[in-house]
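J.: Pasting in a structure now, in structure tokens, and then I'll have a few things to ask.
The values are calculated or read from the model by the stated rules, or taken from the named source; none is laboratory data. Given the structure is predicted, the values throughout are model-derived calculations rather than measurements. Positions of Cβ are backbone-derived with ideal geometry, glycine not excepted, and every protein chain shown enters the neighbour counts. All accessible areas refer to the heavy atoms of the entire protein, side chains included, with ligands and DNA or RNA removed. Shrake-Rupley method; radii C 1.70, N 1.55, O 1.52, S 1.80 Å.
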Amino acid sequence: MIINVESPILEIHDLTVSYDQTPVLWNVDLSLPMGKLIGILGPNGAGKSTLIKAIMGLVPSTAGHVKLFDRELKEVRSRISYVPQRESVDWNFPASVLDVVMMGTYGKLGLFRRPGKKEKNIAMECLEKVGMQSFVGRQISELSGGQQQRVFIARALAQEADLYLMDEPFAGVDMATETAIFQLLREMTTAGKTVVVVHHDIHSAMNYFDWIIMLNLHLVASGPKTDVVTEELLRKTYGGKLNLLTKVSDIIRQKDFNPLKS
Ligand code: ADP
């Protein structure tokens, strides 16, 4: 079940991505609405990270077309913030927490301007939002995994983008941090931003997201959570792994939970 939207913030037509001539994403057609918290779900190796990288032009597509804000990527890059997986980054790079978050502001600075007081203030505000303001001077190599993740999110916030693409932002963080980050993402969507998150836990996904994309090399489903989370589509996405993961009836029950109403 693939639900198309009018005036999509992101539109993908017939996208195929291959590594070494082996396709790992086939013929993906997708359109996403603005202002929603959107989860990409699927088993390991389903192509979730690849989809985000293809949207950002970080991996070449064999076929297909991506439009963001009805434009080409290069025209709207500064309106998009990409948060890669934490493990894909060299955290031993000598930089302080403040340096890393200030880097988020560079896209809006232009070529010859150096970051100044305004950019520092933005960075400090973002660090406060993720509860990391007391670590400004700390080297990023000296942070725990969860703290690094929060700094990464502060850096994305400092970009002041309209669309956020986050690859496993909850990986390696404790439950309290996960809840805090989720609340922050929810505030962002309430303020009109669109947040797309690769997520591996189906149970929490049912609580967190408004819109769900189910992927397993092909696009299985994309739509409002209450429409697309069905036993049939979950089985199509996860196959035999679903029984190992969880009880399907629990997931179906959870999808009707609305965190905003609790
Ligand atoms: P997911 O995020 O859903 O776990 P990925 O998008 O990371 O899946 O990977 C999809 C498939 O592509 C997997 O089979 C993975 O091994 C393969 N793959 C990912 N990155 C590369 C790469 N750089 N080179 C070759 N194969 C890759």
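J.: So with the 1.4 Å probe, I'd like the accessible area per residue for region 86-160, rounded to whole Å².
T.: The answer is 56 Å² per residue.
J.: Once ligands and nucleic acids are excluded and a 1.4 Å probe is used, how much of Tyr82 is accessible, expressed in Å² to the nearest 10?
T.: Its accessible surface works out to 40 Å², give or take rounding.
J.: I need to check one value: relative contact order of the chain, counting alpha carbon pairs closer than 8 Å and at least 6 residues apart, in percent.
T.: 26
J.: Per-residue accessible area for Asp20 at 1.4 Å probe radius, Å² rounded to 10?
T.: 150
J.: Ok, one more. Tell me the relative contact order for region 123-236 as a rounded percent, counting alpha carbon contacts under 8 Å between residues six or more apart.
T.: Details: 106 pairs, mean separation 22.0, N = 114.
After rounding, I find 19 percent.
J.: Mind grabbing the accessible area of Phe69 for me, 1.4 Å probe, Å², rounded to tens?
T.: Rounded to the nearest 10, the figure is 40 Å².
J.: Carbon and sulfur together cover what percent of the accessible area of region 9-109 at a 1.4 Å probe radius?
T.: For region 9-109, the apolar C and S fraction of the accessible surface comes to 51 percent.
J.: Now, a different point. Whenever you get a sec, line up Ile213, Ile252 from highest to lowest accessible area (probe 1.4 Å, protein heavy atoms).
T.: On the way: Ile213 0, Ile252 50 Å².
These residues rank, largest area first, as Ile252, Ile213.
J.: Moving on to the next point. Name the residues whose placed amide hydrogens come within less than 5 Å of the amide hydrogen of Val130, ignoring near sequence neighbours (fewer than 5 apart) on the same chain.
T.: none
J.: Continuing with this model, one more query. Please give the helix 175-190 orientation as an angle from the longest Cα principal axis of the chain, in degrees from 0 to 90, rounded to the nearest 10.
T.: 90
J.: Moving to a separate point now. Could you work out the longest stretch of the chain that avoids the GluC sites (Glu not before Pro) located in DSSP loops with at most 15 other Cβ atoms within 10 Å?
T.: Between exposed loop sites, the widest span is 73-262.
J.: In whole Å, what is the distance between the alpha-carbon centres of region 125-175 and region 9-35?
T.: 28
J.: Rounded, prolate or oblate: which fits region 1-85 when a ≥ b ≥ c are the square roots of the eigenvalues of the alpha-carbon gyration tensor, with rounded for a/c under 1.5 and prolate only if a/b beats b/c?
T.: Rounded shape, in that the Cα axes give a/c under 1.5.
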